[in-house]
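**Student:** Take this structure first; my questions come after.
The values are calculated or read from the model by the stated rules, or taken from the named source; none is laboratory data. None of the values given here were measured: they were computed from a predicted structure. Backbone-built Cβ (ideal geometry, glycine too); neighbour counts: all protein chains shown.
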Amino acid sequence: EFNEGLSTRRAAYIMFPQAVPRKAVIDPSICLYLTRKTCRVCEKFCPAQAINWNDTEKVISINVDAVIVATGYKFVDPRHPALSAYGWGKYQNVYTNIEFERLLDARGPTGGELLRRSDKKHPKRIVFIQCVGSRDYRVNRYCSAYCCMASIKQAVLAKEHEPGVDVVILYMDIRAFGKGFQEFYERAIEEFGIRFIRGRPSKIVEDPDTRNLIIYYENTLKGTIEKIETDMVVLALGIVPNPPDFMRRLGLVEPDGRIKIKDPSDPITTPIDGLFIAGMLAGPKDIPDSVAQGSAVAIRVMQHILGKKIEVVAL
């Protein structure tokens, strides 16, 4: 999962390097003991003797005076019917931005080497397509906020990995609104030679001989229909909040996936007293904004419970 299906893993594994707690888990769908009642080799190699085959899920109830929900986000599904023209899942060399992120990582499936999925060759050109599932009435109407800078960062990293690669970003609008963002955008153009084309792609087709991809798009500055051939395509997927089921049952989730708030000037407070939200769940944002909002909601919770006495049940 961590490598987005670009590599394989064992049945017993650590979910990702920064997992908290950093403990191994067992995938019951492929574990030989849980599926066929054979093996159990992992028991011999577990230094803590922590494997309990009889363990079950437990429901624990505790009394609290406030709840902070910060369950993050999920990506728009690239298989959405409105996004089928981009060819993800159909053409091997079309990647989502999170798949591309794993390719760039030294601990990723290719050891940080940029290689095409189809033939394991280094790409000569990479095209990023922005706003895939964002600002689109067929999927999500709102901006996902993170995508512009994430793609520019990935484009710069691609140039650092492969200095000779031609990197193009097809964008609707560039929204470099944070501290240092505009300067980084300009640096990507001036120092790294990344090309930006204001265009709206209509479809992608694959050359069956080379597995290269041909993108047809409208150049929205010129008002012309153009095409560009590339070795790889990276889709900057939009994001939607990922609320737990209980928030849906409480009627706190809008039809577009966003969370209902008590007041537009107070985006961390829900209509239910004592229930707060933070981070991507409160709306698309980057890591620094998520950290700042986490601090804000912690202060709000302290204000909420100040002077109150609550009974805490030991776990």
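**Student:** Among the residues of the range 167-191, which ones are among the small types (Gly, Ala, Ser) and surrounded by fewer than 13 Cβ atoms within 10 Å (Cβ to Cβ)?
**Tutor:** Scanning the range 167-191 gives a single hit, 180.
**Student:** Listed residues 196, 192, 184; which is closer than 17 Å to residue 150 by Cα, in a loop (DSSP other than H, G, I, E, B) and hydrophobic (A, V, I, L, M, F, W, C)?
**Tutor:** Unique residue meeting the criteria: 192.
**Student:** For residue 199, indicate whether it is in the same structural domain as residue 130 (by TED's automatic domain parsing), more than 27 Å from the chain's Cα centre (by Cα), under 23 Å from residue 133 (Cα atoms) and not basic (Lys, Arg).
**Tutor:** For residue 199, the condition - in the same structural domain as residue 130 (by TED's automatic domain parsing), more than 27 Å from the chain's Cα centre (by Cα), under 23 Å from residue 133 (Cα atoms) and not basic (Lys, Arg) - is not met.
**Student:** Considering only the range 216-223, I want to know if a residue exists there that is surrounded by fewer than 22 Cβ atoms within 10 Å (Cβ to Cβ) and free of Cβ contacts under 8 Å to residues at least 12 places away in the same chain.
**Tutor:** Taking every residue of the range 216-223 in turn, at least one turns out to be surrounded by fewer than 22 Cβ atoms within 10 Å (Cβ to Cβ) and free of Cβ contacts under 8 Å to residues at least 12 places away in the same chain.
**Student:** Within the range 263-291, can you find the residues that are β-branched (Val, Ile, Thr) and either touching a residue at least 40 places away in the same chain (Cβ under 8 Å) or assigned by TED's automatic domain parsing to the domain that holds residue 178 (or both)?
**Tutor:** The answer is 277, and nothing else.
**Student:** If you don't mind, another one. Among (1) without any contact (Cβ under 8 Å) to a residue 60 or more places away in the chain; (2) within 24 Å of residue 17 (Cβ to Cβ), there is one condition residue 169 misses while meeting the rest; what is its number?
**Tutor:** Result: residue 169 fails condition (2) only.
**Student:** Here is a follow-up. Anything in the range 8-44 that is of a type in the set (Lys, Arg) and within 15 Å of residue 54 (Cα to Cα)? List them, or say none.
**Tutor:** 37, 40, listed by residue number.
**Student:** Step by step: first the residues of the range 122-166, then only those that are surrounded by fewer than 22 Cβ atoms within 10 Å (Cβ to Cβ) and at positive phi, then the one that is nearest to the chain's Cα centre (by Cα). Which residue is that?
**Tutor:** It comes out as 145.
**Student:** Please enumerate the residues belonging to the range 203-246 that are among the aliphatic types (A, V, I, L, M) and modelled with pLDDT under 95.
**Tutor:** 239, 240
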